[in-house]
Amino acid sequence: MMSRRNFISVAAALGAGALLGGCAGGENGAETTDAATGAPVEEDAMADGRTMTVACGNATVTYQLNDSAAADVLLAQLPLTLEVEDFSDNEKVFYPPEELDVTGAPLAESGEAGTLAYYAPWGDVVMFYGSFSPNGALYELGRAVDGSDAIAGLSGAIEVALAE
């Protein structure tokens, strides 16, 4: 089976475009809102230690992580500086250094933009900026609560850290 990394390398060699570049992205919204509902998110909800940011240049996406073991393993690896890669036309991916434990993790079934997920077969964290089709190997880690409009513009090196 071809990994995402190999797929992306082959696509680049065939002229599908440059994969890595400088950071880009839109401005953050002034108000923190839930990506799924658009409702304001209380500051207390972001102060629980389960919130992480993905930053690139002046763009920052804030994710509220769920209570799964997979999210715990990701949080334990932070902070990270990684390369973000395009995959398909609705997602950005990055590869954490350690595999995430998906035992008991919920499947990513909403299909909604703003979902943060882990694709177990390839070991990548997926940041969806468009709708997606669920599958049995895609596990939800959390949801964007701020800056989801910047996901599509992320490129190059990103900083993944606990939210302050």
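For residues in region 62-80 being among the polar types (S, T, N, Q) and in contact with a Lys or Arg (Cβ under 9 Å, 6 or more places away or on another chain), which is nearest to Leu138 (Cα to Cα)?
Asn66
Among the listed residues Ala76, Ala59, Ala71, which satisfies the condition of being without any contact (Cβ under 8 Å) to a residue 24 or more places away in the chain and either out of contact with any helix residue (DSSP H, G or I) (no Cβ under 8 Å at 6 or more places or on another chain) or of a type in the set (A, V, I, L, M, F, W, C) (or both)?
Of the residues listed, the single one that is without any contact (Cβ under 8 Å) to a residue 24 or more places away in the chain and either out of contact with any helix residue (DSSP H, G or I) (no Cβ under 8 Å at 6 or more places or on another chain) or of a type in the set (A, V, I, L, M, F, W, C) (or both) is Ala76.
Restricting attention to region 81-110, which residues are more than 13 Å from the chain's Cα centre (by Cα), of a type outside the set (S, T, N, Q) and farther than 18 Å from Glu140 by Cβ?
Of everything in region 81-110, those that are more than 13 Å from the chain's Cα centre (by Cα), of a type outside the set (S, T, N, Q) and farther than 18 Å from Glu140 by Cβ turn out to be Asp89, Pro97, Glu98.
Exactly one of these conditions fails for Leu100: (1) without any contact (Cβ under 8 Å) to a residue 60 or more places away in the chain; (2) surrounded by 15 or more Cβ atoms within 10 Å (Cβ to Cβ); (3) outside any loop (DSSP other than H, G, I, E, B). Give me its number.
Against the list (1) without any contact (Cβ under 8 Å) to a residue 60 or more places away in the chain; (2) surrounded by 15 or more Cβ atoms within 10 Å (Cβ to Cβ); (3) outside any loop (DSSP other than H, G, I, E, B), Leu100 comes up short only on (3).
Of the residues Ala113, Ala157, only one is surrounded by fewer than 22 Cβ atoms within 10 Å (Cβ to Cβ), assigned to a strand (DSSP E or B) and not polar (S, T, N, Q); which?
Just a single option satisfies the conditions, and that option is Ala157.
Can you name every residue in region 116-144 that is buried (at least 18 other Cβ atoms within 10 Å of the Cβ) and either over 15 Å from the mean Cα position of the chain (by Cα) or within 14 Å of Leu65 (Cα to Cα) (or both)?
Selection gives Leu116, Ala117, Tyr118, Val125, Val126, Met127, Tyr139, Glu140, Leu141, Gly142, Arg143, Ala144.
Only residues in region 44-56 that are under 12 Å from Asn66 (Cα atoms) and modelled with pLDDT of 95 or more count as the first member; pair them with residues that are in a loop (DSSP other than H, G, I, E, B) and among the aliphatic types (A, V, I, L, M), Cβ under 8 angstrom, at least 6 apart or cross-chain, and list the lot.
Listed pairs, sorted by first residue: Thr51/Ala163; Met52/Leu78; Met52/Ala163.
The values are calculated or read from the model by the stated rules, or taken from the named source; none is laboratory data. This is a predicted model, so every value here is computed, not measured. Cβ: placed from backbone, ideal geometry, glycine included. Neighbour counts: every protein chain shown.
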